[in-house]
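Here the structure is laid out as structure tokens; the discussion comes afterwards.
The values are calculated or read from the model by the stated rules, or taken from the named source; none is laboratory data. Just so you know, these numbers come straight off a predicted model, no measurement behind them. Counting neighbours? That spans all protein chains shown, and the Cβs are built from the backbone with ideal geometry, glycine included.
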Amino acid sequence: MPAVPAIVNKSATSWRVLSRNMNHFPLAARLCLLLCALCATPLSTQAQTTGYEIMQQVRAQSRIHSNQTFDIFMQIRDAKKRTRKRYFTSWNKYDDSQDRSLVRFYRPASLTGTSMLSKKEPDESSHQWIYLPAFRSVKKLSRSDRNKSFMGSDFSNADIGGRGLNEDTHRLVSQDNTYYRITSTPKSQEDPYGRLEYSILKSPLVVAKVDFYDRNGELLKTLTSRKIQAYEGMYVVVDSLMENPNTKSSTTLVVEKVDLTTVKPDNFYSPRGMKQ
């Protein structure tokens, strides 16, 4: 059973307050990064009966704000406990036409300007591009590229782009007073994951842990939400840890700044916009 993550229910009302309140602890999420697909959500007031309904509400309520910007600290630790630190901003926009996210690194200097754009269409087909300032070139990632490591971390590029609700079938396996346990099985035979096992807090309705398995049933990695904070009606994972038991490596994501008001134009989320 996963440890219950720390939950902070104090809401902020402005970007400055959000930023100041977050400065005492370096993300998590969604991201999702996962950043998004694994984002925390507000308290559910309606009992859920199926795995799909629970996952649908997790997804919908994590998008209460259609424009979301996060400054994120990422620390990668290898088996020898050597660490690498990265800092990036993640802009996200959700509407009926597309899900869009743009990640741009601003530290260290060797990565400054490196960007990744992710788009998910209404049919949940995915597209990703990477921009490398040294070459001033934008490359569209192939399916195999999307399954590779995101900047040397324990997240894949596809993890950062997020999973679509209908990419998987969702089965409620069990529940207790604290958690729903859901097994999600990818529909595509080309998906690198064989299944994902979620532990979802009931109150608030937040993803607390995800175990990722390969197509042979072996555990690949585990994502744990360690701290969650409420912002203007939406819970955000602000500290998460991805651990790989095979490589003994891990990646920490910590949200350092939250902005739920800035709206970027559609052309910002484009291959050309990656170069700005």
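A compact table of results
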quantity: Some residue of the range 174-181 being in contact with a Gly (Cβ under 9 Å, 6 or more places away or on another chain), under 26 Å from Lys148 (Cβ atoms) and either among the acidic types (Asp, Glu) or surrounded by 15 or more Cβ atoms within 10 Å (Cβ to Cβ) (or both); calculated: no
quantity: Which listed residue is of a type in the set (D, E, K, R), surrounded by fewer than 16 Cβ atoms within 10 Å (Cβ to Cβ) and not in a loop (DSSP other than H, G, I, E, B), from Lys85, Lys80; calculated: Lys85
quantity: Residues of the range 226-276 that turn out to be of a type outside the set (A, V, I, L, M) and closer than 28 Å to Trp129 by Cβ, as a count; calculated: 24
quantity: Some residue of the range 192-200 being more than 29 Å from Tyr87 (Cα to Cα) and more than 17 Å from the chain's Cα centre (by Cα); calculated: yes
quantity: Boolean, Ser110 is buried (at least 21 other Cβ atoms within 10 Å of the Cβ) and not in a loop (DSSP other than H, G, I, E, B); calculated: no
quantity: Cβ pairs under 6 Å, 6+ apart, first in the range 79-100 and farther than 29 Å from His65 by Cα, second of a type in the set (Lys, Arg); calculated: Ala79/Lys248; Thr83/Arg77
quantity: Every pair of residues 6+ apart whose Cβ atoms lie under 6 Å, when the first sits in the range 242-255 and is on the phi < 0 side of the Ramachandran plot and acidic (Asp, Glu) while the second is in a strand (DSSP E or B) and at pLDDT 95 or above; calculated: Glu243/Thr222; Glu243/Ser250
quantity: Some residue of the range 213-231 being modelled with pLDDT under 95, buried (at least 17 other Cβ atoms within 10 Å of the Cβ), closer than 27 Å to Thr69 by Cα and out of contact with any strand residue (DSSP E or B) (no Cβ under 7 Å at 6 or more places or on another chain); calculated: no
quantity: Matching residues in the range 133-157 - criterion: being assigned to a strand (DSSP E or B) and within 16 Å of the chain's Cα centre (by Cα); calculated: Ser149, Ser156
quantity: When residues of the range 158-172 are limited to those that are assigned to a loop (DSSP other than H, G, I, E, B) and buried (at least 23 other Cβ atoms within 10 Å of the Cβ), the one nearest to the chain's Cα centre (by Cα); calculated: Gly162
quantity: Residues located in the range 56-77, provided they are of a type in the set (Gly, Ala, Ser) and in a helix (DSSP H, G or I); calculated: Ala60
